Structure formats: structure tokens, C-alpha cells
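This report refers to the structure that appears directly beneath it.
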Amino acid sequence: MIFPRQILYGSDLIKSYLLESFANKDEIDKNFKKSLKIKKNKKIIFTSKGRTALYLILKYLRIYKKKNEVIMSPFTIFDLVNIVITSGCKPIFVDHKEDSFDMDYDRIVKIIRKNKKISSIIITHYSFNSENLFKLKSICKKYNVKIIQDCAIAASSKYKKESITNLSEYSFLSFNLFKFIPALTGGAIITDDNNLYKYANKEQNNFNVFNLAKLINLEVKSIFIKILTNKIIFSLITFHIFKFGEINNIKWIIKFTKNDPNPYLRKKLDDFEKHKLSKFQIYHIKKKFINIKKYRKIRANNFIRLFKSIKSKNVKLITPSKSTEHSFINFPILVNDKKKFRNFLFQNNFDSSKYFYRNCNNLNIFKKYKSDCKNLNKFEKQLIFLPIHHKITKLHINKLAKLINRY
């Protein structure tokens with residue numbers, strides 16, 4: 001279930017609302033741009049959600065390029081696929097390489113060369129940044145296929161000490177209590193396409209600003225989550241509830257640990273997505289970016305420490321590329337029997353997660369887009385995530401590694 005402990009310093013939006021008029025906004029803006037490290041020609045358009053940001057990019061490209069097919073990995077939240085459909089586009093699911101977060105490069109190239117309806121390809125950055133981004137740049141340029149970087153969980157990722165969003169025309173970010181920027185809600189487009197900038201702002205002019213009542217409602221929910229994930233309450237109560245549910249396969253408890261528990265098909269934006277952020281929401285998000293480098297460094301150190309310490313032959317480690325600074329949102333491993341391994345951790349009071357994203361290729365609601373994804377099927381069955389968030393201590397990492405080495 002792994003609840004990222006950034007929630008513990010999470011949403012203080014109401015406080016931001018009250019203090020905004022006294023804030024030094026110039027200083028916040030300066031530190032925001034410094035922490036993000038995007039090129040000067042890039043523009044940032046804030047949105048109600050990361051999904052709204054992707055919707056605006058895809059709809060814009062569909063209208064202006066007059067092409068409507070989008071290559072993507074089905075290993076994502078189901079509603080991201082819905083957003084592709086909602087924008088008037090058709091998702092083309094591509095299998096991954098064996099034991100990898102990356103889509104099959106050769107298969108992507110074949111599709112691009114044969115299919116003239118391809119408008120764009122969504123490159124999703126997971127715990128590690130996608131290597132496909134670098135490999136696909138030339139072929140995409142040749143066939144005028146736009147690369148859209150899904151940086152929903154990669155806001156802190158860097159290439160040559162600058163934002164990874166500098167490497168394509170289109171990127172989008174996502175902010176919520178389980179992301180690096182723990183806002184109640186929000187997303188952003190990062191682009192150097194002036195026409196998209198104008199289009200997205202024009203579209204959002206028709207959206208309503210979130211009112212304070214709706215934000216207070218979200219704040220109440222966030223307080224409930226923060227209570228459950230408080231370090232003491234989590235260790236004494238919350239963890240043991242989830243432990244009991246997982247070991248005994250209690251579906252309603254397991255369902256609560258998923259970030260997209262009830263897959264459904266939709267073909268239009270919901271009312272929440274048809275909102276735009278207020279000025280003080282944007283101020284709040286910018287303020288949260290200031291510590292992003294600090295917390296990423298802690299996660300990176302935790303990752304390296306755990307990676308070097310795990311020696312078990314029954315656990316397969318996934319080696320990240322050294323060419324970029326990854327988000328390190330969690331620590332992925334592969335095991336043959338997920339339930340057995342997780343029960344072993346639970347019995348020794350260690351947390352883990354069997355679920356982060358789902359294989360949308362296997363959902364009935366998307367059966368018309370189904371493709372051969374045998375590698376991803378195997379990958380999903382073996383994939384487990386271990387926590388490496390900034391509240392994890394060295395002692396915890398060392399104990400976890402010793403336990404895994406006994407497995």
C-alpha cells in the first residue's frame with residue numbers, strides 16, 4: 001500500500017489562502033523557476049489535474065495535426081486511457097521490453113513507419129526515466145510524431161542537471177497528496193509551442209475557478225489521509241489494518257490501497273476537470289516546488305543504499321540508467337511469487353506495495369484497443385514496490401535489506 005510520507009508535510013492550502021496576500025510572490029516565483037530548471041523559452045500552463053493537461057495537449061494536436069492515434073504504454077492508471085479517448089484520439093497500446101518499464105522500441109518504430117495517423121506518443125516516466133525518450137527523438141522528428149512526456153511522478157527528474165521536460169515540446173505534470181508536489185489538486189503543461197499555450201489558455205477561459213467551499217471539502221479529505229499516514233498512527237493502526245486485509249485477501253481493504261480502484265469508460269471530461277486553478281492555488285503549488293531537490297536527493301540515497309544491500313538470488317533488481325537523475329518515487333523489484341514475498345514482509349512488519357499502475361490492456365472497458373502485451377503481463381505479475389520516501393531511516397533500510405536477504 002505504501003503511502004508516501006510527503007503527505008505528512010502535505011496540504012496546507014487553507015493556510016496558503018490566508019497568508020497569500022502577505023507572501024513575497026516574487027521570491028516564490030524566483031525559487032520556483034530555480035527548482036524546476038526548465039529552459040527560458042518554455043511556458044507553464046497550470047491546470048486542475050494532470051489529466052486535464054494531457055487532454056488539452058492531445059486535443060490541440062488532434063485539431064492542428066489532423067491525426068488522432070496515440071502510441072502509449074497500457075501500464076498506467078485507467079483514467080489516463082480515458083483521457084486519450086475523451087480528447088477524440090485512439091490509444092495504440094504497445095508492450096514493454098522484458099522485465100522493463102520501457103515500451104518495446106522496435107515495435108514503436110514499426111507502428112510509426114506504417115501508420116500515418118499517429119499524432120503523438122506518450123512517454124511515461126515511472127520510478128526511472130524512460131530510455132525510449134532518447135532513442136525515439138530522431139524517428140519521431142522524421143515522421144512528425146510529437147513526443148509527450150508523462151511526468152506525473154517525475155517532476156524532479158533531470159537530464160544534465162536540468163528538467164527532463166526540456167527534452168520534448170510537450171510535457172505534463174500532476175500534483176496531489178501522493179505526488180512530489182503535495183497539493184490538493186493540480187497539473188501543468190510545459191511547452192515551447194506558443195500555439196498550444198494560446199489554445200490551452202483559451203480553453204481554460206471557459207472553465208470555472210475552484211471555489212473555497214470545494215477546496216475546503218478536499219482539505220477535509222486530505223486531513224483524514226494525513227491522520228491515517230501519520231507516522232505513529234500508521235505504524236500502530238493503519239499498517240496493521242492493511243496487513244490483515246492483504247494476508248486474508250479482504251477485497252474492500254485491498255481496494256482502498258489502489259489509486260484507481262474502479263475502472264470505468266468515459267468519453268468526456270468530468271466537472272472537476274472543467275475547472276482552473278485560482279491564483280492562490282498556483283502560488284501554493286509553486287511554493288511546494290522549493291524543496292523538491294532536497295527530498296529527491298534523500299530518496300535517491302535511500303534507493304542506492306537499498307540497491308547495494310539486497311543480495312538475495314530470489315529477488316531481481318531493476319538497474320536504472322546513469323544518464324539521467326530519476327524520480328526514485330519507490331524501489332521496484334521483481335519476484336516470482338508476489339503474495340508469498342509480501343506476506344513474508346508483512347509477517348516481519350515491513351510495508352510494500354504490489355500495485356502502482358495497472359495493465360490497462362487487460363481491462364474489458366478497453367478491449368477494442370487490446371494488443372499482444374505478454375512481457376507486460378509477466379512484468380505486472382512479478383512487480384513489487386518497496387518504500388524509499390524521505391522519512392525512511394538508514395536503520396529501516398538496513399533492516400529491510402537484511403530481511404530480504406533471508407528470503
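The values are calculated or read from the model by the stated rules, or taken from the named source; none is laboratory data. Model, not experiment: these values are computed from the prediction. As a convention, Cβ positions derive from the backbone with ideal geometry for all residues, glycine included, and neighbour counts pool all protein chains shown.
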Tabulated pairs, the range 383-398, first in a helix (DSSP H, G or I), second among the polar types (S, T, N, Q) and surrounded by fewer than 19 Cβ atoms within 10 Å (Cβ to Cβ), C-beta under 8 angstrom, 6+ apart or interchain: I397/S309; N398/S309
Helices (runs of 4 or more DSSP H) fully within the range 174-284 counting 3 or more residues that are within 18 Å of L54 (Cβ to Cβ) and out of contact with any strand residue (DSSP E or B) (no Cβ under 6 Å at 6 or more places or on another chain): 194-204
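Suppose the filter is hydroxyl-bearing (S, T, Y) and modelled with pLDDT of 95 or more; does S309 pass it?
Answer is yes for this residue.
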Count - residues of the range 123-155 that are of a type outside the set (S, T, N, Q), in a loop (DSSP other than H, G, I, E, B), touching a helix residue (DSSP H, G or I) at 6+ places or on another chain (Cβ under 8 Å) and surrounded by 20 or more Cβ atoms within 10 Å (Cβ to Cβ): 6
Unmet criterion (only one of (1) in contact with a strand residue (DSSP E or B) (Cβ under 9 Å, 6 or more places away or on another chain); (2) surrounded by 14 or more Cβ atoms within 10 Å (Cβ to Cβ); (3) not hydrophobic (A, V, I, L, M, F, W, C)) for S323: (2)
Residue in the range 49-57 that is in a loop (DSSP other than H, G, I, E, B), surrounded by 13 or more Cβ atoms within 10 Å (Cβ to Cβ) and at pLDDT 75 or above present: yes
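Do we find a residue being among the acidic types (D, E) and in a loop (DSSP other than H, G, I, E, B) anywhere in the range 156-167? Walk me through it before giving the result.
At the first step, the residues of the range 156-167 found to be among the acidic types (D, E) are 162.
Within this subset, residues satisfying the condition of being in a loop (DSSP other than H, G, I, E, B) are none.
Checked the range 156-167: no residue is among the acidic types (D, E) and in a loop (DSSP other than H, G, I, E, B).
Here is a yes/no grid of residues against (1) assigned to a helix (DSSP H, G or I); (2) within 20 Å of the chain's Cα centre (by Cα); (3) at pLDDT below 95:
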site: D79; (1), (2), (3): yes, yes, no
site: G88; (1), (2), (3): no, no, no
site: E98; (1), (2), (3): no, no, no
site: F101; (1), (2), (3): no, yes, no
site: S119; (1), (2), (3): no, no, no
Pairs with Cβ under 7 Å, 6+ apart, first in the range 244-267 and acidic (D, E), second in a helix (DSSP H, G or I): E246/I254; E246/R342; E246/F346; D260/F78; D260/D79
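Yes or no: the range 347-355 includes at least one residue that is closer than 26 Å to N129 by Cβ, assigned to a helix (DSSP H, G or I), in contact (Cβ under 8 Å) with a residue 12 or more places away in the chain and touching a Leu at 6+ places or on another chain (Cβ under 9 Å). Can you show your working first?
Initially, the range 347-355 is screened for residues closer than 26 Å to N129 by Cβ, giving 351-355.
Now narrow it down to the ones that are assigned to a helix (DSSP H, G or I): none.
Checked against the condition, which is being closer than 26 Å to N129 by Cβ, assigned to a helix (DSSP H, G or I), in contact (Cβ under 8 Å) with a residue 12 or more places away in the chain and touching a Leu at 6+ places or on another chain (Cβ under 9 Å), the range 347-355 yields no hits at all.
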